Amino acid sequence: MELEDYIEKYLNNTASEAEKQLVDAWFEKVQNTESYPSYNRNAIEYAMWVQIEAAMNREKTTRPARIFSFGRLSRVAVLVGVVALLGIGYYQWSKHAATTMAYNNGHRVSRKAATNGGFIAMQQDKMVKIEDLAGDAATVIGNLSFRKSGDGIVINSVGNHFSDTSAIAIITPKGKFLQLTLPDNTVVKLNVASELRLAQNYLQQRTLQLSGEAFFNVVHNEQLPFRVHVGNAIVEDIGTRFNIQAYEGQATQVVTTVIEGAAKVISLNNAHTQVIDTKTITANQQAIVLPKPTSVAILNNADEIKSAVAWEQGYFLFYNSDIKDILRSVGDWYNVKFDIGANVKGAFSGGLSRAANLNAMLEVLETSGNCQFEIISPNEIKVTSTESKSR
């Protein structure tokens, strides 16, 4: 059996004495070890705390001002969090078992999480699948070369056509994500359902266009600033690591979250010919630019900041998020379509590893009590409101 199987039996009081001793020994080892890298350890512990909050079904909970260590949590609470992170889902602390899904013909949907992949496109006349790139030889498209390296691709400039501003697009469809190393060694993690465009003379201007979401680890150059054009905004690096989310159809068009350093966020008019506002944000701050031209709003909500960058760490984290926004994010990650009923509404807080399969995610969402899922086909899921059915 896997670790999560032993933990599940432990929590359900069905484990043998030997199995209980095994889980106890594992818990003591985890509680006392400091061998994990602090960044990953903190991410895991915070995600566990989110899981535990939802599992205990608290009506009003004050979230911790800082990340709790394993030693600060009860043994059962930690084990519940581990089970959730491993993909089993939340536990309901009540007389009833966790809510069940309305599966067609008793079948679950076997949809795996997003994987590395995407396309490189140039003026619609040439498209290359990321999976077809070679690691030992570069594929040249225009004035840029592309080579597979590990789970991502490395892009370099070739030739000397410094005036060529025509763009090449890197596209990740739903269910695919990708890491890019640009010609200046800036690293970009492109989320699902996104598009990043860079000019063939990138090294002469260091300007990108983004639609969707990406996390940037920028190599700073004061003489040649790094800029991202996105929606009605421009984000300029000031020596930083930051995330930009700008999916079409969301209430807020452009959300920039700085994790390290600083970034300048510029709001433009609809014609992109006039600057409306300019703000500089630093680590652990967010800037929001609305679709309608307006000033740049700055937020300092720690929960929202953790939620915004959790995808880059491999997690879903939601804090009082609208269920429809959550379903959009989940649908893009697993490449499924949600048919959302008119009465489906409400907010949800919780989290899960992005490596979990779709079944685990849907079971977690059903613990909110606001919606129920019916599998129409492997690619389509009907969402109905449980509140409307109870009336």
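General observations
- Summed side-chain charge close to residue 382 - residues other than residue 382 whose Cβ falls under 9 Å, Lys, Arg +1, Asp, Glu -1: -3
- For segment 331-339, the Karplus equation 6.51 cos²θ - 1.76 cosθ + 1.60, evaluated at θ = phi - 60°, returns couplings of x, 5, 5, 9, 6, 10, 9, 9, 8 Hz by residue, with Gly and Pro reported as x.
- For residue 275 and residue 164, the FRET efficiency from 1/(1 + (r/R0)^6), where r spans their Cβ atoms and R0 equals 25 Å, is about 0.35.
- With a Förster radius of 45 Å applied to the C-beta separation of residue 131 and residue 18, the computed FRET efficiency comes to 0.50.
- Extension gain, residue 342-residue 248: 0.36 nm per intervening residue step, less the Cα-Cα distance, totals 31.8 nm.
- Amide proton proximity set for residue 208, modelled H, under 5 Å, gap of 5+: 227, 228, 229
- Extended-chain gain in nm, criterion 0.36 nm per residue less alpha-carbon gap, residue 149 and residue 355: 72.0 nm
- Cα convex hull volume per residue for segment 185-240 (Å³): 78 Å³
- Structure note, pairs 279/337; 129/189; 264/337: Cα-Cα distances above 27 angstrom occur for 279/337; 264/337.
- Max-minus-min Cα coordinates of segment 208-300 on each principal axis give 31, 26, 21 Å, with the largest extent listed first.
- Amide N of segment 162-205 lying under 16 Å from the label point, which is placed 7 angstrom from the Cα of residue 116 along Cα→Cβ: 171-173, 176-182, 187-192
- Of the GluC sites (Glu not before Pro) in segment 140-235, those whose Cβ has at most 12 other Cβ within 10 Å and which sit in DSSP loop: 222
A short reminder: the numbers here are calculations on the coordinates, not readings from a lab. Nothing here was measured: the structure is a model prediction, and the numbers come from that model. Because the Cβ atoms are built from the backbone with ideal geometry, glycine has one as well, and the counts that use them run over all protein chains shown.
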